[in-house]
Every structure is written in C-alpha cells, then in structure tokens.
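The values are calculated or read from the model by the stated rules, or taken from the named source; none is laboratory data. Bear in mind the structure is a predicted one, so any value in this text is a computation, not a measurement. Neighbour counts run over all protein chains shown; Cβ positions are idealised from the backbone, glycine included.
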Amino acid sequence: MRILCRHLMFRRLVAVVIMFNIAGNVIANPTGMTVAGGSATTTVNGSQLTITTSRNASLNWQSFNIAAGETTIFQQPSSTSIVWNRINDQNPSQIYGSLQANGIVVLLNNSGFYFGPNSFVSAAGLVVSTANCIPPQNSGGGWEFNGPHRWRALSITGRSISAGAARHF
C-alpha cells in the first residue's frame with residue numbers, strides 16, 4: 001500500500017512539474033523571428049529581448065508574448081521609424097510585461113491581443129490590430145487594414161501606456 005501511494009504521489013508530482021514547464025513556456029518574450037523586409041537582429045540578456053531594426057523593418061513572429069517581469073525593446077533609427085510585426089500564432093498575443101520602443105511599433109495578430117493589468121508600453125507610437133495590413137512600399141503611402149468584419153485596430157501615440165485593468169482586443 002505504501003509503495004502504491006508513493007508511486008501515485010510521484011506521478012502527480014511529475015505531472016505538476018510537466019504542466020508547470022509547459023505553462024511557463026507559453027508566455028515568454030517573442031519567439032521565432034524572421035525578417036521579411038529591411039533588417040533586424042536580436043539580443044537576449046536574461047529576461048530582456050532587444051530587437052535592433054532598420055527604419056521600416058517588417059518582421060514575422062511565431063509568437064509574440066511578453067511575460068510579467070520580461071521586457072521587449074525595439075531599438076529603431078528614429079522616433080519616426082516603423083517596425084511591422086506580423087504574428088503567426090493561433091493564440092492571442094499576451095502582454096504582461098514591458099514593451100519599449102523609441103519608434104512606432106505595429107503589431108498584427110489575427111487571433112487578437114491581451115494586455116495584462118500590469119503591462120507597460122513606452123513607444124513613440126503603437127498600432128495593434130487583428131486585421132491584416134501590408135506595409136506601404138514608400139514612406140508617404142497610407143496604411144490599409146483589411147480582414148473579416150469583426151476586426152479591430154487600436155492606435156496609440158504618446159510616451160507611455162500602463163494598463164490599469166486588463167485589456168483584450
């Protein structure tokens with residue numbers, strides 16, 4: 001009886017550890033970047049991911065999440081630089097940590113976005129959308145968002161945004 005009890009306890013402990021590891025890997029700094037236009041490099045230093053981009057870089061991501069205590073920083077040439085981020089994830093992007101940029105950040109995820117109650121954004125501009133948008137070929141071109149009738153876009157310009165309550169888009 002004791003051996004069976006210990007065996008069951010061990011199995012439960014292993015299951016909890018596996019679940020914790022899986023859950024811990026779900027939300028992390030953005031992963032799986034490929035460059036679709038312009039240039040970009042990444043540097044990881046502990047819980048901080050820094051993406052250094054060219055003026056109008058276009059990036060594709062497997063996932064774009066930022067866990068609490070993590071920071072993702074876009075270093076761009078100027079405050080008028082734009083970095084386009086297309087997220088190819090079946091799940092909404094979850095932002096619980098800090099997103100910082102000295103330029104404009106465009107986040108596109110058809111599955112949506114969730115900004116946690118303690119998330120923090122500091123950027124020259126932020127556009128978040130569930131619609132598709134093709135980056136304009138020239139700097140004077142307009143932005144055209146398209147998608148199903150239920151898409152949403154949020155555009156915020158300013159210094160910093162701190163979500164006082166959770167936001168879901």
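The table below gives the values:
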{"read-out": "Those residues of the range 28-78 which are farther than 16 Å from VAL106 by Cα and hydrophobic (A, V, I, L, M, F, W, C), in sequence order", "value": "ALA28, VAL44, LEU49, ALA67, ALA68"}
{"read-out": "Single unsatisfied condition, ARG55 versus (1) at pLDDT 95 or above; (2) surrounded by fewer than 17 Cβ atoms within 10 Å (Cβ to Cβ)", "value": "(1)"}
{"read-out": "The lone exception for SER111 - which of (1) assigned to a strand (DSSP E or B); (2) free of Cβ contacts under 8 Å to residues at least 40 places away in the same chain it fails", "value": "(1)"}
{"read-out": "Every residue from the range 60-85 that is closer than 19 Å to SER129 by Cα, out of contact with any Pro (no Cβ under 9 Å at 6 or more places or on another chain) and part of a strand (DSSP E or B)", "value": "ASN60, PHE74, VAL83"}
{"read-out": "Residues being modelled with pLDDT under 90 and either closer than 17 Å to ASN56 by Cβ or of a type in the set (Phe, Trp, Tyr) (or both) - total across the range 93-125", "value": "3"}
{"read-out": "The range 25-47, residues that are over 12 Å from the mean Cα position of the chain (by Cα) and closer than 22 Å to PRO77 by Cα", "value": "THR34, VAL35, ALA36, GLY37, GLY38, SER39, ALA40, THR41, THR42, THR43, VAL44, ASN45"}
